[in-house]
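J.: Once you've had a glance at the structure underneath, I'll fire off some questions.
Please treat every number below as a calculation from the coordinates, not as lab data. Please read these numbers as outputs of a predicted model, since none were measured by experiment. Using ideal geometry, Cβ is built from the backbone for each residue, glycine included, and neighbour counts are taken over all protein chains shown.
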Amino acid sequence: MLKQEKKKLNYLTQKTNKDIRMNYIYSLILLLTFSFCSTVKVIDKNADTVPDFTPIKDDELAKRYAPILESGSEHGDPYGLYYRASKDLEGNTLITYHFFWEKEENTGSGMGPFFSRNIYTGGLKLQKSMFGKGDIELVSLIIDKTGKIQQVEYETAENYDPNKFGVKHKHMERKGFHKEPVLFKVISWNHLFDYIADNSSNVVNTIRLTPVYFNQQLWEEFGMVKEKESFFSRSRAHKPYEKEFVE
């Protein structure tokens with residue numbers, strides 16, 4: 001009799017947990033559908049173009065200043081590095097590097113990672129619908145006319161908890177002189193960064209990718225700037241001056 005009661009209790013517990021998961025999924029789908037239907041806006045691809053900037057293509061400069069990453073991250077290594085750059089009226093060079101990953105996925109245990117894998121990065125694949133294929137993260141530099149890095153910008157994870165559904169982005173700006181190459185560590189499953197050190201040429205166990213110019217065909221293929229934005233269609237992270245490019 002006791003075994004039967006125990007089996008019944010286990011069955012009811014499993015059924016309750018399943019019902020909770022399904023109700024969560026249905027509620028989320030309804031919320032996302034409402035958000036999509038109620039917040040669609042048309043984006044002018046040139047609206048944020050910064051005046052007084054001249055786009056440049058300089059592979060040697062891009063290679064010299066390309067940031068590097070610690071290798072062996074549990075979150076996977078990027079397969080490519082692309083850049084866009086511009087000159088301002090003062091002679092400064094602004095360059096943004098985009099690291100490319102095949103995918104992003106929270107492989108942790110618990111309900112948060114479970115829903116992330118089955119709704120956001122897998123299953124419904126909201127991440128692909130919202131942003132496009134793969135995962136792209138950026139690092140931006142401001143280099144003065146003497147060749148010194150005066151500012152480093154990147155995104156990090158604020159109060160990172162791998163057991164949660166999502167990761168809160170925090171924009172970081174490190175002002176002041178930096179010596180290339182700048183070294184970063186990937187600290188989250190969605191490939192956000194933590195600054196480690198400057199002048200890291202002699203550091204071992206790093207990933208050093210050769211940057212390639214981010215041509216317009218590839219820019220459009222990866223949906224960097226969406227013509228219409230909504231919950232399900234969002235532009236990817238980029239700097240305003242990157243909307244101008246060299247053929």
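J.: Which ³J(HN,Hα) values, rounded to whole Hz and listed in residue order, are derived for the stretch 150-159 from phi using the Karplus coefficients 6.51, -1.76 and 1.60 in 6.51 cos²θ - 1.76 cosθ + 1.60 with θ = phi - 60°, glycine and proline given as x?
T.: With coefficients 6.51, -1.76 and 1.60, one gets 9, 7, 10, 10, 6, 10, 10, 9, 8, 6 Hz.
J.: Counting only C-alpha contacts under 8 Å and six or more residues apart, can you give the relative contact order of the stretch 100-247 as a whole percent?
T.: Working: 233 pairs, mean separation 31.0, N = 148.
Relative contact order of the stretch 100-247: 21 percent.
J.: Taking the square root of 5 times each eigenvalue of the Cα gyration tensor, what semi-axes in Å does the equivalent ellipsoid of the stretch 95-247 have, largest first? Walk me through the intermediate numbers first.
T.: Working: eigenvalues 155, 89, 35 Å².
After diagonalising the Cα gyration tensor, the semi-axes are 28, 21, 13 Å.
J.: List nothing, just return the count: lysine pairs in the stretch 61-194, 8 or more apart or interchain, with Cα separation under 20 Å.
T.: The result is 27.
J.: Label point 7 Å out from Asp144 along Cα-to-Cβ: which residues of the stretch 83-107 have amide N under 18 Å?
T.: 87-95
J.: Between Val204 and Glu227, what length comes free when the chain is fully extended (0.36 nm per residue of separation minus the Cα-Cα distance, one decimal in nm)? Intermediate values should be presented prior to the final figure.
T.: Details: separation 23, 0.36 × 23 = 8.28 nm, distance 4.27 nm.
Roughly 4.0 nm would be gained on extension.
J.: Under the classification rounded if a/c is under 1.5, otherwise prolate if a/b is larger than b/c and oblate if not, where does the stretch 157-247 fall, given a ≥ b ≥ c as square roots of the Cα gyration tensor eigenvalues?
T.: Values: a/c = 2.02, a/b = 1.21, b/c = 1.67.
Note, shape of the stretch 157-247 comes out oblate.
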